[in-house]
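> This is the structure, below, for whatever I ask next.
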Amino acid sequence: MGMQISPSILSADFANLQAEVARISTADWVHVDVMDGHFVPNLTLGLPVVERIAQVAPMPVDAHLMIENPDHWAPRYAEAGAASVTFHYEAASNPLAIAQDLRALGARASVALKPGTPVDAVIDDLKHFDMVLVMTVEPGFGGQAFMPDMLPKVSALRDAARAADLDLWIQTDGGIARDTIEQTAAAGCDVFVAGSAVYGAADPAAEVDALRHLAASASAHPYE
């Protein structure tokens with residue numbers, strides 16, 4: 001698998017979402033941030049909007065649930081058409097049961113870690129997940145500054161996945177742009193969420209290609 005770019009529509013025009021998704025036609029995924037105003041202080045969109053995006057998007061939906069009670073809600077986003085569903089470890093009562101439910105519904109099961117959550121929380125259970133999302137900002141708002149001190153978490157996860165011979169994707173979200181994607185790829189990340197860097201560009205589709213190229217070039221040089 002090559003480097004994958006998953007632009008976040010958190011930075012898009014919410015009044016024209018179908019057109020905004022079409023502007024990232026070169027993307028591997030469309031990243032949809034679901035926030036409930038409780039787990040994180042921001043409030044965005046929910047199940048009906050994600051379902052409609054899944055119906056019209058030319059690429060699969062990567063749903064990132066920053067919500068309480070993912071044990072109940074995560075499977076419903078898979079049923080709504082999200083091809084990958086990420087829930088937060090910190091909000092889950094039974095992360096492994098959620099992952100099992102998502103896989104049973106045909107979705108990729110992903111768990112997210114806030115900056116303050118160590119990789120030890122999931123390192124022994126990686127076989128139950130298809131992807132781990134390492135947040136490189138505090139979740140809740142777009143446009144925040146990248147936290148480079150999260151990169152050792154990425155490297156630890158990549159090393160653990162290789163040691164166990166797992167086909168685990170590692171995603172980063174927060175502050176990903178041209179000046180941060182190379183070091184993130186070198187650390188072992190292979191799926192990158194970029195919001196303002198993509199939608200703030202004159203040509204979002206071209207920016208997706210540029211970011212993917214930078215990540216691919218850097219991935220052969222492991223993070224030290």
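FYI, it's all coordinate maths here, none of it is from the lab. Remember, predicted model here, so these are calculated numbers, not experimental data. Positions of Cβ are generated from backbone atoms using ideal geometry, with glycine treated the same way; all protein chains shown enter the neighbour counts.
> What are the equivalent ellipsoid semi-axes of region 4-218, built from the alpha-carbon gyration tensor (square roots of five times its eigenvalues), in whole angstrom, biggest first?
Values for region 4-218, descending: 23, 21, 15 Å.
> What net charge is computed for the residues neighbouring R212, neighbours being all others with C-beta under 11 Å from the C-beta of R212, Lys and Arg scored +1, Asp and Glu -1?
-4
> First select every other residue whose beta carbon is under 13 angstrom from the beta carbon of P60; then total the charges, Lys and Arg +1, Asp and Glu -1.
-2
> Provide the FRET efficiency to the nearest 0.05 for the E68-D149 pair, computing r from the beta carbons and using R0 = 25 Å.
The formula returns an efficiency of 0.40 here.
> Right, something else. Amide H of F39 versus every other amide H placed in the peptide plane: which residues, excluding those fewer than 5 positions away on the same chain, fall under 5 Å?
Hits under the 5 Å cutoff: E68.
> Further question on the same structure: Rounded, prolate or oblate for region 115-155? Axes are the square roots of the Cα gyration tensor eigenvalues, ordered a ≥ b ≥ c, and the cut-off for rounded is a/c under 1.5.
Here region 115-155 falls in the prolate category.
> Would you mind ranking S155, S84 by Cβ crowding within 10 Å, fewest neighbours first?
Listed from fewest to most nearby Cβ atoms, that is S155, S84.
> Which far-off residues, 5 or more places away or on another chain, put their amide H under 5 Å from the one on L45, with H placed in the peptide plane?
Residues meeting the criterion, in which the H sits 1.01 Å from N, are M35.
> Calculate how many DSSP beta bridges within the chain are antiparallel, expressed in % of all such bridges and rounded to the nearest 5.
Antiparallel bridges make up about 5 percent of those DSSP assigns within the chain.
> Related question: Want the number for I123 to N42: 0.36 nm per residue separation, take away the alpha-carbon distance, what's left?
Extra length from I123 to N42 when fully extended: 26.3 nm.
> If you take every residue apart from I5 with its C-beta less than 11 Å away from the C-beta of I5, what net charge results, scoring Lys and Arg +1 and Asp and Glu -1?
-4
> How high is the FRET efficiency between H213 and D167 when r is their beta carbon distance and R₀ equals 25 Å, given to the nearest 0.05?
The pair H213/D167 has a calculated efficiency of 0.60.
> For Q183 paired with M1, estimate the spin-label separation in nm (one decimal), with each label point 7 Å from Cα along the Cα-to-Cβ line.
2.5 nm
> Here is a further query. Choose one answer from A74, A156, A112: the residue with the largest mean-square fluctuation in a GNM of the chain with alpha-carbon springs under 10 Å.
Comparing A74, A156, A112 in a Gaussian network model of the chain, the most mobile one is A156.
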